[in-house]
Amino acid sequence: MVMALNDLVWEPDEGWRDQAACAGSDLELFFPVGEDEDSAAPAKAICAICPVREDCLNYAISTNQPEGVWGGMTGPERRRLRRRLRERQRRAS
């Protein structure tokens, strides 16, 4: 699963991208006009079979990617995840 926000330190090596199921796919598929479930479904289907899905999601969260489908999550889904992670860290403090 996604690391805690304090633990996110992204290393410059992004070799995981070469192993991504989406490598060579049309970028428009991962950046649909709307980020509703129907428009994101084709990208999420590719993410579901991706061997580096977790790396992709960690990258998107650690670099605060606001748009697009990364690691099987849309921008709004990642924002909700970040809020949950922050809340969990706040409770642990």
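None of the figures in this text is laboratory data; all of them are computed from the coordinates on show. Computed from a prediction, not measured in an experiment: that's the story for all the values here. Virtual Cβ from ideal backbone geometry, glycine too; neighbours counted across all protein chains shown.
Return, ordered by residue number, the residues of region 62-93 whose backbone nitrogen is under 16 Å from a label point located 7 Å along Cα→Cβ of GLU54.
62, 71-73
For region 30-92, what does the equivalent ellipsoid look like in terms of its semi-axes, each the square root of 5 times an eigenvalue of the Cα gyration tensor, given largest first in whole Å? Mind dumping the intermediate values first?
Working: eigenvalues 92, 36, 18 Å².
So the three semi-axes of region 30-92 are 21, 13, 9 Å.
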